[in-house]
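In what follows, a single structure is set out as structure tokens and then discussed.
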Ligand SMILES: [Zn+2]
């Protein structure tokens with residue numbers, strides 16, 4: 001499923017269907033008439049019939065009755081997706097940074113963004129249901145998510161990445177293809193704001209574990225900037241030297 005937006009609806013209204021009575025496009029129009037024009041079911045049906053009569057050669061109202069009715073029904077369940085703000089907060093980013101691998105961080109960031117976007121655009125059937133507070137990713141399979149995260153790996157590695165994410169407890173996968181993002185939460189401490197789901201991953205920056213500086217080149221071995229890494233190496237060396245001197249001292253003492 002793609003993201004339906006207002007712009008797309010306006011394009012269809014201007015240019016007609018891309019294929020004969022496209023259901024997807026009928027759905028987009030139904031949503032548009034409902035959400036933008038404030039029409040009810042009856043009015044949407046009239047608008048769709050008018051549109052088809054004008055733009056679709058060979059349109060037959062009787063033959064297309066079922067198709068139009070299901071587009072209207074379907075349009076009740078989903079809001080017209082327009083570009084909205086997706087706010088990623090500090091708590092969520094802190095959770096993401098707990099993952100050691102940068103690839104995993106990027107994947108989780110993408111999943112979180114999609115889940116927050118979908119939640120903001122979905123009309124819950126049952127308003128009191130506990131599920132409404134949860135964050136799900138659906139209509140996006142793992143391959144698509146990897147693409148959005150710009151993580152390019154072999155099929156085998158892909159399975160490992162998903163396994164590691166599940167093991168972290170940060171996501172839960174369901175047999176129906178849904179992912180639940182367990183680290184998502186509502187919090188006002190917003191760090192990153194996304195205005196669309198295009199190029200999500202460009203908004204995710206990897207920072208130095210020690211000083212917080214943004215890293216351009218990320219090493220596979222550590223998550224630090226060059227200066228901090230040098231400093232840490234030096235400290236490690238000094239620690240080892242100290243340990244060694246103490247050992248020698250102890251040995252000398254015991255020999256006396
Ligand atoms: Zn640093």
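Coordinate-derived values only; no laboratory data. Note that this is a predicted model, so its numbers are computed, not measured. Ideal geometry is used to build each Cβ from the backbone, glycine not excepted, and the neighbour counts take in all protein chains shown.
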Angle in degrees between helix 6-15 and the longest Cα principal axis of the chain, rounded to the nearest 10: 40 degrees
Coordinate range along principal axes, alpha carbons of segment 1-124, Å, largest first: 59, 26, 23
Interatomic Cα distance distribution for segment 6-77, bins of 5 angstrom, percent: 3, 19, 34, 29, 13, 2
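Suppose R0 equals 35 Å. What FRET efficiency, 1/(1 + (r/R0)^6) with r the Cβ-Cβ distance, do residue 187 and residue 230 give to the nearest 0.05?
Numbers: r = 35 Å, r/R0 = 1.01.
E between residue 187 and residue 230, to the nearest 0.05, is 0.50.
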Principal-axis tilt of helix 155-168 within the chain, Cα atoms, nearest 10 degrees: 80 degrees
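Which percent of the Cα-Cα distances in segment 151-256 go past 16 Å? Spell out each step's value before the answer.
Details: 4366 of 5565 pairs.
Result for the distance tail: 78 percent.
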Relative pair counts by distance (%), Cα atoms of the chain, 10 Å bins: 6, 23, 23, 19, 13, 7, 4, 2, 2, 1, 0
Coarse-grained scattering of segment 86-203 at q = 0.10, 0.11, 0.13, 0.15 Å⁻¹, given as base-10 log I(q)/I(0) from a Debye sum over alpha-carbon atoms: -0.28, -0.34, -0.47, -0.63
Packing-based exposure ordering (other Cβ within 10 Å, fewest first) of 23, 109: 23, 109
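So what's the back-of-envelope 222 nm ellipticity for the chain, counting only DSSP H runs of four-plus at -39500 (n - 2.57) apiece and dividing by all residues, rounded to 500? Don't skip to the answer; put the middle values down first.
On the way: 9 runs with 130 residues, N = 256.
Value at 222 nm, helices only, nearest 500: -16500 deg cm²/dmol.
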Rounded tilt (10° steps) of 41-55 against the dominant C-alpha axis of the chain: 80 degrees
Fewest-first ranking of 190, 245, using other Cβ atoms within 10 Å as the exposure measure: 245, 190
